[in-house]
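Have a look at the structure below, then the notes.
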Amino acid sequence: MNAVLGALASVALAALVALAAYSGTTVLAAALALIVLCLALGWPALFGLPGPGGSGVAVAIAGWAGIALAVVVQERVRPLAWFAALLALVVLLAFAREIARPVPRDGLVESLTGTHAGEVVAVLAAGWLLVPRTALGTAGVLVGAVAVAAARLPAALPWSGALTGWAGLVTGTLAAVVAARLAVPAQLGAGLSIGVAVAGVAAGLDRLLTGAPGSRGAAVVIASAAAPVAASGVVAYAVARLFAG
């Protein structure tokens with residue numbers, strides 16, 4: 001049941017991204033902020049991190065800072081270059097969070113790496129704000145969101161992890177091709193590339209999070225559903241920029 005709910009939640013969040021993109025930058029930024037919040041609320045529990053409150057706050061701050069930065073630099077020629085400094089800062093944030101954690105600091109390495117991994121996934125969500133500035137325009141967001149949603153659907157089926165992963169890659173790619181054919185037929189090759197890349201990320205991350213040791217509470221299910229959507233943002237932008245310009 002959790003697998004079904006998680007897959008449906010990913011579909012809903014991907015649909016939110018696609019619809020928000022057609023409503024403007026402000027609405028899209030607000031939608032991504034909500035996705036980051038969903039990720040932050042369940043990420044520490046997903047990996048059983050000690051001091052989950054602090055880790056969740058660090059993930060949320062990193063993701064929201066990434067969204068704010070994307071809004072500011074989306075018109076720049078090389079917007080991703082500005083994210084190098086942000087990623088360096090979130091490393092420091094993860095260390096500061098560990099320093100502030102009360103002693104004894106059990107599971108220090110696990111807490112540090114788990115928190116930083118969540119921060120990186122949250123920051124990647126900002127990439128969705130950059131996709132409309134490529135040659136694909138807002139249609140690029142639609143193609144990427146469709147790929148994520150379709151790639152997550154096989155996770156609801158009672159199949160083995162390897163089979164659902166390959167099925168997710170295939171369904172995500174095919175769905176992206178159909179979306180590109182309808183929304184931006186002149187860029188069908190770019191749509192195919194986005195489908196392969198985004199579906200691969202979604203399917204791979206799904207397999208990773210399925211094996212996480214955390215409990216299967218509501219927050220965990222939502223976080224595991226939000227993570228593929230968030231992580232696919234910068235992938236969709238990078239592929240769109242590379243193949244479409």
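The values are calculated or read from the model by the stated rules, or taken from the named source; none is laboratory data. Only a predicted model underlies this, so the values are computations on that prediction, with no experimental measurement involved. Here Cβ is always computed from backbone atoms with ideal geometry, including for glycine, and neighbour counts include all displayed protein chains.
Can you find, within region 169-199, the residue that is modelled with the lowest pLDDT among those that are among the small types (Gly, Ala, Ser) and over 12 Å from Gly144 (Cβ atoms)? Applying the filter and picking the extreme gives Ala186. In region 54-75, the residues that are over 14 Å from Ala96 (Cα atoms) form Cβ pairs under 9 Å with partners that are outside any helix (DSSP H, G or I), at six or more places apart or across chains, as follows: Ala70/Leu130; Val73/Leu130; Gln74/Leu130.
Name the single residue that is modelled with the highest pLDDT among those in region 204-245 being surrounded by fewer than 17 Cβ atoms within 10 Å (Cβ to Cβ) and among the hydrophobic types (A, V, I, L, M, F, W, C). So that I can check it myself, show each step before the final result.
So in region 204-245, the residues surrounded by fewer than 17 Cβ atoms within 10 Å (Cβ to Cβ) come out as 204, 207-208, 210-211, 213, 215-218, 242, 245.
In the following step, the residues that additionally are among the hydrophobic types (A, V, I, L, M, F, W, C) were identified as 208, 218, 242.
Details: Leu208: 80, Ala218: 84, Leu242: 87.
Only one residue fits best here, namely Leu242.
What's the total number of residues in region 153-191 that are of a type in the set (Gly, Ala, Ser), surrounded by 14 or more Cβ atoms within 10 Å (Cβ to Cβ) and over 21 Å from the mean Cα position of the chain (by Cα)? The number of residues fulfilling the criteria is 1.
Scanning region 108-137 for residues that are among the polar types (S, T, N, Q) and either in contact (Cβ under 8 Å) with a residue 12 or more places away in the chain or within 11 Å of Trp43 (Cβ to Cβ) (or both), we see that the one that is surrounded by the most Cβ atoms within 10 Å (Cβ to Cβ) is Thr115.
Are there any helices (runs of 4 or more DSSP H) wholly within region 67-178 with 1 or more residues that are polar (S, T, N, Q) and farther than 19 Å from Ala29 by Cα, and if so which? Spell out how you get there, then give the answer.
Values: elements: 83-100, 108-124, 138-152.
Result: 108-124.
Would you check which residues across region 126-138 are under 16 Å from Ala197 (Cβ atoms) and either modelled with pLDDT of 95 or more or not hydroxyl-bearing (Ser, Thr, Tyr) (or both) and list them? Talk me through it step by step, then tell me what you get.
Of region 126-138, the ones under 16 Å from Ala197 (Cβ atoms) are 127-128, 130-131, 134, 136.
Within region 126-138, Gly127, Trp128, Leu130, Val131, Leu136 meet the criteria.
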